[in-house]
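Computed from the coordinates by the stated procedures, all read-outs in this text should not be read as laboratory data. Because the structure is predicted, anything quoted here is derived from the model rather than measured. For neighbour counting, all protein chains shown are included, and Cβ atoms are generated from backbone atoms with ideal geometry for every residue, glycine included.
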Ligand code: MN3
């Protein structure tokens, strides 16, 4: 029996993130873009019953074990499904308090202070050419790192654990912000769900 990947529900209404992210953008982003990654992932796995049994994280963190005929489609659509499933949890109406004390301490130790981290992450998103994501992740040496990836690539594809990601594809902001990616990134900070980021950090630390 084929196990299909499913589009997760948003934990809030489309308009709940306004004015940071408008309702129409959320509706299309979740209901069209994310939904398409899920459909295309299921289609890519249609001829591979053994791959259909695997969890999404296992699939995309071991792309070398995916047959070449399906690898690019799994990378793009599996990555897209995984990244967006997390993204909907990284944003929350009104945001949630600042990082947990342990994460806050480690962000300061790594980047100087919290504001310096915000600046570095924002720059990663701003300077990502074309489509991709900005990340705060824990690397293999258990160190915090900020960087960006192209397309739907996820830190898990290279053995890192994502703590916070920001979608900087134009589809994530263009209806409201047009070419002003910097304004979208600035607005992101007021809706970050630090409680969830803290949970992820606790789990990987
Ligand atoms: Mn997106």
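Each of residue 178 and residue 43 was given a label point 7 Å from its Cα along the Cα-to-Cβ line. The distance between the two points is 3.3 nm. Multiplying the residue separation of residue 71 and residue 55 by 0.36 nm and subtracting their alpha-carbon distance yields 4.2 nm. Over the chain, DSSP H runs of length four or greater, each weighted -39,500 (n - 2.57), average out per residue to a 222 nm ellipticity of -12500 deg cm²/dmol. Looking at the chain, the DSSP beta bridges with both ends there are about 95 percent antiparallel. In the chain, the longest principal axis of the Cα atoms and the axis of helix 101-111 are about 90 degrees apart.
Put a dot 7 Å past the Cα of residue 15, heading toward its Cβ, do the same for residue 205, and the two dots end up 3.9 nm apart. Relative to the first principal axis of the alpha-carbon coordinates of the chain, what is the inclination of helix 194-204, with its axis defined by its Cα atoms, in degrees from 0 to 90 and to the nearest 10? On a 0 to 90 degree scale, this one is about 60. For the chain, the longest principal axis of the Cα atoms and the long axis of helix 114-127 meet at an angle of about 50 degrees. Have a look at 29, 81, 62 and tell me which one the Gaussian network model of the chain (Cα, springs below 10 Å) gives the largest fluctuation. The residue that fluctuates most here is 62. Stretched out straight at 0.36 nm per residue, the stretch from residue 171 to residue 110 would grow longer than its current Cα-Cα span by 18.8 nm.
The three principal axes of the Cα atoms in segment 89-140 give end-to-end lengths of 35, 28, 23 Å, sorted in falling order.
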